[in-house]
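To start, the structure itself, in structure tokens.
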């Protein structure tokens, strides 16, 4: 297999893991529905930052450390699930209203979504599984400098996240605009997204406890 085929295989695996609904996708959806396109894109930006950090960790061989110290995985899994449960509960309890998202308040909301998006990605067990189990297998000395290969794969990761999550944010943001005339439906949509986040978190907690 040559380098081009190696990159295509990596992209197919990457696309498959990102397109499957999980914590990151639900987080973007919740922000786009409750805060509009800009907040959804801010959440996407945070997740992209987290993806870049994951790529760096994979290139530095942290995956090997986790392979030899598997006891570290379950605490990470449980911490990520607990954090997502907290965000889900916050959404369900909040009084979500439709606003234009402009001005200082909108900026603060977008910045908070960006920060939470980065944290969400950094503690997402699905991302760690991919980076620790799959990512290192595509870094091969035969294809040239490792740092250059890692940079290319990292850029592919971030670009794919932007295409999928950013597209979701724009689509959900437009759908949200249809709810402007119906505030109770907007609140219901945001709380439903929070409930989904909480449900995924409970399932993840259960899986982590069952395999502990």
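No lab work stands behind these numbers, since they all come straight from the coordinates. Just so it is clear, the model here is predicted, and its values are computed rather than measured. Using ideal geometry, Cβ is built from the backbone for each residue, glycine included, and neighbour counts are taken over all protein chains shown.
Tabulated data
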{"quantity": "Mean Cβ neighbour count within 10 Å, used as a protection proxy, ranking 24-32, 157-165, 118-126, 141-149 highest first", "calculated": "24-32, 118-126, 157-165, 141-149"}
{"quantity": "Segment residue 19-residue 155, extension gain: residue separation times 0.36 nm, minus the distance between their alpha carbons", "calculated": "47.3 nm"}
